[in-house]
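The values are calculated or read from the model by the stated rules, or taken from the named source; none is laboratory data. Only a predicted model underlies this, so the values are computations on that prediction, with no experimental measurement involved. We place every Cβ from the backbone using ideal geometry, glycine too, and count neighbours over all the protein chains shown.
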Amino acid sequence: MRYLLKRLGFYVLAAFAAVTLNFFLPRLMPGDPATALFARFKGRLSPESLDALRAAFGLTNAPLWKQYLTYLSHVLHGDLGTSIAYFPSAVSQVIGSALGWTLFVAGTAVILSFAIGTLLGMAAAWWRRGALDTWLPSTLVFFGSFPYFWLAMAALYVLGFSFRWFPLGHAYSDDTTPGWTAAFALDVLRHAALPIATVVLATLGGWLLTMRNTMISVLGSDYVNLARAKGLSPARVVLRYAARNALLPSVTGFGMALGFVLGGSLLTEIVFSYPGQGYLLVQAVRNQDYPLMQGIFLVITLAVLGANWLVDVAILWLDPRTRDSSE
Amino acid sequence: MKQPSGPSGSGLGSWARAIHRDRKGLFGACVLGAFALVAIAGPWFFGDPSALVGIPLQPPTWPHPLGTNGQGQDVLAQLVVGTRASLLLGFAVGLAVVLLGALVGVPAGYFGGRTDGVLSIFSNVFLVLPGLPLAIVIAAYLPASPATVAIVLVVTGWAWNARVVRSQTLALRRRDFVAAAVVAGESDVRILLVEILPSMLSVLVAQVIGSTVYAIGAQVGLEFLGLGDVSRVSWGTMLYWAQNDSALLTGAWWMFVPPGLCVALVGFGLTLLNSAFDEISNPRLALERVWRAHLASRGRAPERSTPVVRNHA
């Protein structure tokens with residue numbers, strides 16, 4: 001319990017750091033969002049409106065600590081400002097409408113990739129130097145060397161454009177009405193298949209290698225040899241004895257990799273014009289929509305921190321050493 | 001780091017031998033060598049990569065072996081010229097990331113206590129913040145240029161290295177030769193520079209390789225988003241224009257396949273090279289190789305068990 005609280009404290013600190021970064025970035029960098037927006041309208045705005053814009057971005061003449069407190073209270077109330085690209089919608093509203101798609105695609109991809117990769121790693125370690133162990137890791141590492149979004153482009157070109165097996169983009173077809181129907185669910189799955197598959201393909205190799213390498217050293221340890229000598233079935237030795245301990249580095253790495261995989265998944269969304277955070281991010285970059293960009297950064301950070309905390313819970317379950325909080 | 005057992009000479013010589021012995025490592029080195037050659041000499045054989053040389057979106061033909069892009073520029077010329085820009089930035093960022101990581105990680109591991117507490121929390125926070133969104137938020141405020149991309153990648157990429165270097169330093173700190181230096185009254189700076197850093201060289205080299213892979217991939221990602229200078233030719237901006245000109249939906253595969261393949265080949269080559277280095281810097285793997293050679297000399301196939309490095313204290 002103390003362990004979980006300690007971790008929670010760390011995540012609160014990280015979230016606080018992210019918010020603070022968000023506050024100071026526009027104030028430290030050359031050129032603030034209001035001036036950038038002002039410049040975009042090339043003289044069609046009066047100098048007075050520049051002041052109004054600055055006020056709207058929270059860049060008032062109040063002392064810095066006062067601006068900071070105002071910003072903090074706004075963030076705590078879920079107020080992330082007004083979007084420029086989707087004016088006059090609130091940033092929180094714009095992000096909220098796209099969050100579900102991103103969580104669906106990235107979440108499914110990360111979990112699938114971790115599960116499949118770990119199982120394959122177990123198999124590769126058990127049948128060491130077999131066909132699986134010789135070819136699969138290098139092949140998957142090769143696929144892992146491609147940028148995620150490039151794999152997405154290739155998949156879209158071959159399977160979508162040339163063979164027409166999959167739709168070319170978006171989360172669902174124009175002619176299906178969203179709702180809790182089987183037809184709609186099937187349509188959504190068809191659209192999500194390629195984005196998910198490319199992220200899985202790009203990340204599979206990492207999980208496989210991590211699991212394989214730990215599994216090999218665990219399989220060589222005395223307690224596994226004893227389990228074998230007792231005549232336990234191979235399945236029991238692998239799953240109940242070896243895998244449970246070998247899983248630990250993979251799970252720890254899972255937390256670390258989440259942010260990275262999510263980043264790749266955002267770029268993949270762009271290729272498929274998938275209406276998630278990645279798509280919003282491009283719109284934000286194109287329109288210099290700083291409030292939207294920063295909002296997305298904040299929301300994704302919170303999602304990653306939350307997922308990391310869940311990983312900590314999993315570690316608590318896997319590793320008894322974390323449970324006796326003698327530290 | 002202990003010198004690996006088995007036939008070994010001084011640092012670089014033994015690395016070269018290990019790469020030679022390891023077919024994958026050799027392959028990786030060859031791929032990288034070829035790309036380095038292209039990056040150095042290639043641009044001399046091509047004119048201005050931005051020159052308009054033909055009809056836009058021309059499929060590969062003899063005068064333009066990789067076709068033309070949406071503006072009617074030669075894709076091969078862009079690829080070759082882009083190689084230099086992309087590799088240079090990738091390597092520079094890889095180096096800078098490792099330096100920054102060492103700058104934070106070494107003091108944290110060596111001094112321990114409060115220094116370690118502050119530095120560790122700092123790097124752990126950066127480790128858990130999602131890199132790409134953070135990079136985008138910072139890059140968007142800076143002028144679009146290769147320098148921006150480099151700065152942003154260093155800021156978002158150093159934390160992992162700092163963590164690894166910290167734990168390495170922590171392990172070295174407890175070794176006898178460091179304790180001897182402390183007793184001999186050497187200054188902290190001298191111990192760090194003369195005793196600890198050289199012992200970590202193999203780790204740092206491996207980190208430079210790994211970080212370069214990261215830097216090239218992330219750089220391409222940022223440029224693909226349009227956060228680099230899109231008027232400069234590099235692999236990332238080539239992909240940006242491919243997406244912008246809807247290369248996919250017009251079937252112009254020659255616009256996006258070559259730069260992506262190059263990114264993957266360089267990344268794959270670096271990864272193979274790294275695992276070849278690992279063979280010598282990881283005593284467990286080195287031991288296993290010796291064991292297998294020993295068994296083979298007696299005409300026996302190795303079985304499943306793995307020799308384990310044991311610490312008999």
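Answer yes or no as to whether residue B:195 is away from chain A (no Cβ under 14 Å), among the acidic types (Asp, Glu) and not in a helix (DSSP H, G or I).
No, not satisfied.
In the range A:206-220, is there at least one residue being under 30 Å from residue A:167 (Cα atoms) and not in a helix (DSSP H, G or I)?
Looking for residues that are under 30 Å from residue A:167 (Cα atoms) and not in a helix (DSSP H, G or I), one finds none in the range A:206-220, hence no.
What is the number of the single condition among (1) more than 14 Å from the chain's Cα centre (by Cα); (2) crowded, with 20+ Cβ neighbours inside 10 Å; (3) more than 10 Å from every other protein chain (Cβ to nearest Cβ); (4) not hydroxyl-bearing (Ser, Thr, Tyr) that residue A:289 does not meet?
(3)
From A:304, A:271, which residue is within 8 Å of chain B (Cβ to nearest Cβ), over 28 Å from residue B:246 (Cα atoms), in contact with a Pro (Cβ under 9 Å, 6 or more places away or on another chain) and not aromatic (Phe, Trp, Tyr)?
A:304
Given the structure, is residue A:135 in a helix (DSSP H, G or I) and more than 14 Å from chain B (Cβ to nearest Cβ)?
Answer is no for this residue.
Take the conditions away from chain A (no Cβ under 14 Å) and closer than 18 Å to residue B:217 by Cβ and apply them to residue B:104. Does it pass? Outline the logic, then answer.
Values: away from chain A (no Cβ under 14 Å): yes; closer than 18 Å to residue B:217 by Cβ: no.
Against the criterion (away from chain A (no Cβ under 14 Å) and closer than 18 Å to residue B:217 by Cβ), residue B:104 does not qualify.
With over 24 Å from the mean Cα position of the chain (by Cα), over 30 Å from residue A:240 (Cα atoms) and hydrophobic (A, V, I, L, M, F, W, C) as the only criterion, which of A:143, A:161, A:149 stands out? Outline the logic, then answer.
On the way: A:143 fails: over 24 Å from the mean Cα position of the chain (by Cα); A:149 fails: over 24 Å from the mean Cα position of the chain (by Cα).
Checking each option against the conditions leaves just A:161.
Residues that are part of a helix (DSSP H, G or I), in contact with a Ser or Thr (Cβ under 9 Å, 6 or more places away or on another chain), within 29 Å of residue B:259 (Cα to Cα) and without any contact (Cβ under 8 Å) to a residue 60 or more places away in the chain: does the range A:187-195 have at least one?
Yes, the range A:187-195 contains a residue that is part of a helix (DSSP H, G or I), in contact with a Ser or Thr (Cβ under 9 Å, 6 or more places away or on another chain), within 29 Å of residue B:259 (Cα to Cα) and without any contact (Cβ under 8 Å) to a residue 60 or more places away in the chain.
Suppose we keep only residues that are among the small types (Gly, Ala, Ser) and modelled with pLDDT of 85 or more within the range B:256-313. Which one would you say is farthest from the chain's Cα centre (by Cα)?
B:260
Tell me, yes or no, whether the range B:263-273 has at least one residue that is facing another protein chain (nearest Cβ under 7 Å), free of Cβ contacts under 8 Å to residues at least 12 places away in the same chain and either β-branched (Val, Ile, Thr) or on the phi < 0 side of the Ramachandran plot (or both).
yes
Quick check: anything in the range A:238-258 surrounded by 19 or more Cβ atoms within 10 Å (Cβ to Cβ), among the aromatic types (Phe, Trp, Tyr) and closer than 25 Å to residue B:263 by Cα?
Checked against the condition, which is being surrounded by 19 or more Cβ atoms within 10 Å (Cβ to Cβ), among the aromatic types (Phe, Trp, Tyr) and closer than 25 Å to residue B:263 by Cα, the range A:238-258 yields at least one hit.
Of these, B:190, B:173, which one is farther than 25 Å from residue A:28 by Cα, among the charged types (D, E, K, R), out of contact with any Asp or Glu (no Cβ under 9 Å at 6 or more places or on another chain) and free of Cβ contacts under 8 Å to residues at least 40 places away in the same chain?
B:190
Residue A:278 versus (1) at the interface with another protein chain (Cβ under 7 Å from one of its Cβ atoms); (2) within 22 Å of residue B:214 (Cα to Cα): which is the lone unmet condition?
(1)
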